[in-house]
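The values are calculated or read from the model by the stated rules, or taken from the named source; none is laboratory data. What you see is a predicted model; the values in this text were computed from it and never measured. When we count neighbours, we look across all protein chains shown, and the Cβ atoms used for this are built from the backbone with ideal geometry, even at glycine.
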Amino acid sequence: MPETTRDRCLAILKKYYDTDRDLIAAAETNSGEIFATHGAWMFTRGKLDSLDRTEYVMALEDEFGIEIGDDEEREFKLFSDVVGCVEGKLAPANA
């Protein structure tokens, strides 16, 4: 069975942040925000700070061969926001 976009996005998150159980649980269940307030530089348990956010977005861009603009990335709060953005970028290529 082929991996879904969601599975691939989650795999990238786990690859880099698997030790943060709160973050992974929030992403797996889409039950809470996984991104700290934009511009936050301190690590917040269960959320990605600005540097982590940038690294995660770059990993997504590499994995899927897409570009995610700064304005789009700032809108990310829930894991489903990430998946929706990636799927939206892939849709024109799959049409």
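Mind checking whether some residue in the range 76-85 is more than 17 Å from Asp7 (Cα to Cα) and either aromatic (Phe, Trp, Tyr) or surrounded by 15 or more Cβ atoms within 10 Å (Cβ to Cβ) (or both)?
Yes, some residue in the range 76-85 is more than 17 Å from Asp7 (Cα to Cα) and either aromatic (Phe, Trp, Tyr) or surrounded by 15 or more Cβ atoms within 10 Å (Cβ to Cβ) (or both).
Looking at the structure I just gave you, is Glu3 modelled with pLDDT of 80 or more, in a loop (DSSP other than H, G, I, E, B) and not aliphatic (A, V, I, L, M)?
yes
What pairs come out if I take residues in the range 67-92 that are more than 21 Å from Leu23 (Cα to Cα) and free of Cβ contacts under 8 Å to residues at least 24 places away in the same chain and pair them with residues that are among the β-branched types (Val, Ile, Thr) and part of a helix (DSSP H, G or I) whose C-beta lies under 7 Å away, six or more apart or interchain?
Within 7 Å, the pairs are Ile68/Val57.
With respect to the numbered conditions (1) at pLDDT 85 or above; (2) under 24 Å from Asp71 (Cβ atoms); (3) not aliphatic (A, V, I, L, M), which one is the sole condition not fulfilled by Tyr16?
For Tyr16, the exception is condition (1).
Among the residues of the range 39-52, are any β-branched (Val, Ile, Thr) and at pLDDT 85 or above?
No, the conditions are met nowhere in the range 39-52.
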